[in-house]
Every structure is written in C-alpha cells, then in structure tokens.
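The values are calculated or read from the model by the stated rules, or taken from the named source; none is laboratory data. Computed from a prediction, not measured in an experiment: that's the story for all the values here. Note: ideal-geometry Cβ built from the backbone for every residue, glycine included; neighbour counts use all protein chains shown. Protein only, heavy atoms only, side chains kept; ligands, DNA and RNA dropped before computing areas. Shrake-Rupley method; radii C 1.70, N 1.55, O 1.52, S 1.80 Å.
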Amino acid sequence: MNRLVRGIQVVWFWFGKSLTFFTFGLSCLVATLAGFPLVRLLVHPGWRFRRVLRWFIRATFWLMMTWLRALGLIRVKVLHPERLKGIKGMVVVASHPMLIDVTLLFALVRQGNCIVRGDMWTHPIAGGVVSRLFIPQFREFESMVQSAKASLDEGDNLIIFPEGTRTVRGQTGVAKRGAAQLAVRTGHDILPIRIRVDDSTGFAKHDSYFGVPRTGRYPYYREVLE
C-alpha cells in the first residue's frame, strides 16, 4: 500500500511540476509576442512602461506560486512580511537553495529587478521578457553598477543571490562581493531574506528533474530580516 501511495504521489508530482513549467513558458511566449508590444504602444514614457511590465511579471510569478500551492507541490510560509511593506530602491539579497527561488521572490517583492546570466538573453521562451526588463550579467561591472543605480533610483528593488548560483544540498554556499559592492556604489540599503527548504530534492543544484521530496511537497520558508 505504501508503495502504491508513493507511486501515485511521484506521478502526481511529475505531472504538476511539468504542467506548471509548461504554463509558465506559454505565458512568457504570449507576453513576448502579443502582450508587451501592445503595452509598449499604449504606455509612455519608458519608465512607466517598465513599471507595467514589472507588475505583469510579479502577477505571473504570483500565479505560478499559487498554482504550485494549489497542486500541493509546495507549502510556503513568510516570516515578518511587514518588513516588505512599501520598500523601494532596496538591494534584496537572498540565499538560493532551489530552482524556483527567483519565481517565489518576484511574487513577494514589488517592482523587482535582477541581474540575469547571459544565456537567458537568447533563451527561446524567456529571452523576450528578460531582455526588456533585467540587467545582463555579461556587461562590464561598472556598466552593471550604472544600470543597477538607475533602476534603484527609479524605485525598483534589485534581487541578488550573493552565492551566484544555487547552493549544493548539504553544503554551505560562499557569498561573493557583488551585492555588497552594488549597495555601496549605488548608495542603497540592503534587505536580506533567508530562504530555507527542509527538502529540496528535484530543485536543488545537480538534482535530477524527476527527483521528488520525501513528503511529496516542498516546505518552503522565507524570513525577511532587518
């Protein structure tokens, strides 16, 4: 009986995860081909256009998080959410245990921006969204600082993972200096968020896509620090 229940749980988890990623990819494609060009025609000037797009991205990620919760794949708890109320121009630094950390942080933080690795710029699905909104990692550091400062000065919140990549399960990640350098050089404050997942199997670094946590869902905690 236990094997049968576990088998059903695994199949449901694979189905739910695949359906979520398919829906997200489809929404990015529709936004790039139809939504964004329409908004660009109707909304001016450029800074207002970017704000509308950031609102759209946050709404999309919030729906993705809600979908994951509705399917029973994750359980999300936010500690001290009041510390996020009305934040503007903050360098939001976070730990990075899982693949979907970006999704869940953008659903949480208003007017989010981030520095994105170069290969995402040419991604066939997400590239159209990424190239319009985010800061490319392949630029010279000084150029990234200037882009980050302009975004922060407009009131955006810059999300950064100081480790630069996901933490390998069971290991302690090493923070790089980039986030601190950006905060110092742009003159904007840091807001730390500690992300903890009791079992990140299937979404941790080097994990197989088909990995399933023991309980069949991810217990996901985000603590907003001072």
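Of LYS77, LYS88, all but one fail to be open to solvent by 20 Å² or more (accessible area, probe 1.4 Å) and in a loop (DSSP other than H, G, I, E, B); the exception is LYS88. For GLY155, the stated conditions do not hold, so it cannot be described as farther than 30 Å from PRO45 by Cβ and either out of contact with any Phe, Trp or Tyr (no Cβ under 6 Å at 6 or more places or on another chain) or among the polar types (S, T, N, Q) (or both).
Considering VAL39, VAL76, VAL10, the condition of being free of Cβ contacts under 8 Å to residues at least 40 places away in the same chain and not acidic (Asp, Glu) is satisfied by VAL39 alone. Sort out which residues of segment 156-173 are closer than 19 Å to PHE203 by Cα and hydrophobic (A, V, I, L, M, F, W, C), and write them in order of number. Of everything in segment 156-173, those that are closer than 19 Å to PHE203 by Cα and hydrophobic (A, V, I, L, M, F, W, C) turn out to be ILE160, PHE161, VAL168.
Screening PHE24 against (1) over 30 Å from GLY170 (Cβ atoms); (2) at pLDDT below 85 leaves a single unmet condition, (1). Is it true that VAL212 is aliphatic (A, V, I, L, M), over 27 Å from PHE49 (Cβ atoms) and open to solvent by 90 Å² or more (accessible area, probe 1.4 Å)? For VAL212, the condition - aliphatic (A, V, I, L, M), over 27 Å from PHE49 (Cβ atoms) and open to solvent by 90 Å² or more (accessible area, probe 1.4 Å) - is not met.
In segment 30-69, the qualifying residues are those that are within 18 Å of the chain's Cα centre (by Cα) and either among the charged types (D, E, K, R) or over 30 Å from ASP153 (Cα atoms) (or both), and the one that is most open to solvent (accessible area, probe 1.4 Å) is ARG69.
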